[in-house]
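Reviewing the structure listed below.
Just so you know, all these numbers are worked out from the coordinates, no wet-lab data involved. Everything numeric here is computed off the predicted structure, so don't read it as measured data. Using ideal geometry, Cβ is built from the backbone for each residue, glycine included, and neighbour counts are taken over all protein chains shown.
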Amino acid sequence: MLHIVLLEPEIPQNTGNISRTCAAIGARLHLIEPLGFSLDDRSLKRAGIDYWNLVDLKTHRSLEDFYAEEGIKAHCADKRVFYLSARAQRLYTNARFPSEVFFVFGRESTGLPAALVAAAGRRCLRIPILPDVRSLNLSNSVAIIAYEYERRRGFPLGRMVP
């Protein structure tokens, strides 16, 4: 199973777009508080269009609560957890993903905490971009990683339209 994890997302439109991606591929969406918006926000609802009923959504009070609730003990060593950061050295194309995977993305303004990126080591991945570009939009990054994961699995959902 694919899990998309947003650590303290700030922009409702990004989270709405990500929810639509999660609905399209059957991924579980985890939102780790504090959120920069209310889940009742009109911008969030509008970006997710009418797919919110199809989103498998879980909220968590903190990163530590997320780890505990999902049974992730040594988070930086857990082979199911990958962290995405523009500061990572390893490309996502060079990583092997297990059948159940958690992709953790940071805040739009700051990304993941530097200490977490450092501790994650080879579990921290990046999407290649040109040197003059600081980062990609969060919802675009999630879509790239999520569809790469599904592509590698041969789009096994069966209900996906070819």
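In a simple Cβ point-charge model (Lys, Arg +1; Asp, Glu -1; nothing else charged), the stretch 2-152 has a dipole of about 580 debye relative to its Cα centre.
Listed peptides 2-14, 115-127 appear in the order 2-14, 115-127 once ranked by packing, highest mean of other Cβ atoms within 10 Å at the front. Computed over the chain with a Gaussian network model linking Cα atoms closer than 10 Å, the most mobile of E64, E150, E33 is E64.
Sites listed here are trypsin sites (Lys or Arg not before Pro) in the stretch 1-106 whose DSSP assignment is loop and whose Cβ has at most 15 other Cβ atoms within 10 Å: R61, K73, K79, R87, R96.
In plain terms, the bigger the Kirkwood radius, the slower the diffusion; for the chain, with that radius from Cα pairs, at 25 °C and 0.890 mPa s, Stokes-Einstein puts D at 154 µm²/s. Under 14 Å from a label point set 7 Å out along the Cα-to-Cβ vector of E10, the amide N atoms of the stretch 124-146 belong to 135-139.
With both residues required to sit in the chain, DSSP beta bridges show an antiparallel share near 5%.
By other beta-carbon atoms within 10 Å, ranking F97, F66 with the fewest at the front produces F97, F66. A Förster radius of 25 Å combined with the Cβ-Cβ distance from D50 to Y147 puts the calculated FRET efficiency at roughly 0.70.
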